[in-house]
1. How large, in percent, is the carbon and sulfur part of the accessible surface of the chain at a probe radius of 1.4 Å?
2. Express in Å², to the nearest 10, the accessible area of D251 obtained by rolling a 1.4 Å probe over the protein heavy atoms while all chains stay in place.
3. Give me the percent relative contact order of the chain, please, defined on Cα pairs under 8 angstrom at least 6 residues apart.
4. Can you give the net charge of the other residues whose Cβ lies under 11 Å from the Cβ of D238, counting K and R as +1 and D and E as -1?
5. Of the listed peptides 238-249, 191-202, what is their order by residue-averaged count of other C-beta atoms within 10 Å, with the highest listed first?
6. Provide, as a two-decimal number, the C-alpha radius of gyration of segment 57-104 over 2.2 N^0.38 Å, N being how many residues it has.
7. What does the accessible area per residue of the chain come to in Å², with a 1.4 Å probe and no ligands, DNA or RNA counted?
8. Using bins 5 angstrom wide from zero, how does P(r) for segment 90-197 break down, in % of all Cα pairs?
Amino acid sequence: MTQLLPAIPSVDERYFDQRRYPDGVAFMDGQYLPMSEAKISVLDWGFLHSDATYDTVHVWNGRFFRLDLHLDRFFGGVERLRMKLPYDREKIESILTNCVALSGHKSAYVEMICTRGSSPTFSRDPRQAENRFMAFAVPFGSVANKEQLERGLHVAISETVRIPPKSIDPSIKNYHWLDLVKGLFDAYDRGAETALIVDTHGHIAEGPGFNVFVVKDGFLGTPAFGVLPGITRRTVFDLCAEIGLSATAADISRAKIKEADEVFITSTAGGIMPVTRIDDTAIANGLVGSVTRRLMDLYWQKHDDPAWSTAVFYP
Ligand code: PLP
C-alpha cells in the first residue's frame, strides 16, 4: 500500500514528523512520498516518448546553489515544449524545499520534472495530454568519486554524435540520453571512466551529465554548439569574470583538447571535476592543474554565500 507523507499546505504551516528519509523524498500528485513509493504510469509520454523536461539543482550544507538559475531554465524548457505546470514558481520552490527538509539531507540532489503526461481519452494529440509535475530530493551524487576528484578523471572520446540541436534544442534540458549512454559504454570498453561525445562537425560536445572546459596558456574555452547550457558551466564563466580569467565558448577539436594545459568537466552532480587523461594521452604532466584547483575551491566557497545560495529551513 502506498505510504503517504503528511501533506504540507504551505511553508508556514509545515508539519514535519521526526522521521527522516535516507533514500529521499518525492512530490507527486499533491503528496510527499518516500522515494520508493514515487512511481509514474507507463502510459506517461515522458516515459514512452521521452517527452519531458527537467532540471537538477543541488543542496550543499543546507543551502540550494543558484536555485533561481535552475528554475529559469526549467520554466523556459516547459514553455518551449508547450507544456503547462500546475503550480507557479513560488509553489514549486516551496515543494523543492519541502522535499529536502523532509528528507533531512543537508547535501542533496534535487530534481524537478514536467512530463507530457497522457490523454484521458487516449488521444495521440499532445495538446490533449494532461501535463504532470513531480520533484524529488535524494542524497547528493557526483560524476567523479573522491579518488577521481583528487587524481583527475580518465576520459575517452567516443565517435558517437550528440543529438543535433536542429533535432532537439539542447537548452531544453531533456532525457535524450541514448547517445550519451552509448558513449559511456564505448569509454568503459576502452578502460576509461567516462566519455565525451562529439557534435555533428566532429568537435567535442559534452558527456553524460556534464560540460567540458579546456585551459590553454591561461585562457579557458568550452564548446559553444549543441550542448546544454549548464548552470555549472555558467558558474565557471561567472567565477572567471570575478578573478580576471578569460573564458570563451568556441569549437574544440579532439587534437586541441589533448594539447590543453588543463581539462575539467562541470555538472551539478559534482561541480568542477578535473580530467587528467583523455584516451591514451595524459593532459600536460598528468596532474590536476592550478587553474582547475583554484576554480574548484572558489566554486565550493560560493555555496555559503547568500548571493549565490538559499538556505533550506530544517525543523
Ligand atoms: N550536459 C548534459 C547533457 C547534462 O545532462 C548536464 C546535467 O545534467 C550538464 C551538461 C551539466 O549541466 P549543469 O551544470 O546545469 O548540471
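1. Carbon with sulfur: 54 percent of the solvent-accessible area.
2. D251 exposes around 80 Å² with every protein chain in place.
3. Normalised by residue count, the contact order of the chain is 18 percent.
4. +3
5. In decreasing order of mean packing, 238-249, 191-202 become 191-202, 238-249.
6. Taking N as the residue count of segment 57-104, the ratio is 1.23.
7. Ligands and nucleic acids excluded, the result is 47 Å² per residue.
8. Binned Cα distances yield the sequence 2, 10, 12, 12, 16, 17, 15, 10, 4, 2, 0, 0.
The values are calculated or read from the model by the stated rules, or taken from the named source; none is laboratory data. Since the model is a prediction, treat every value here as computed from it, not as a measurement. Note that each Cβ is placed from the backbone with ideal geometry, even for glycine, and that neighbours are counted across all protein chains shown. What goes into the accessible areas is simple: the full protein's heavy atoms, side chains included, and nothing from ligands, DNA or RNA. Shrake-Rupley method; radii C 1.70, N 1.55, O 1.52, S 1.80 Å.
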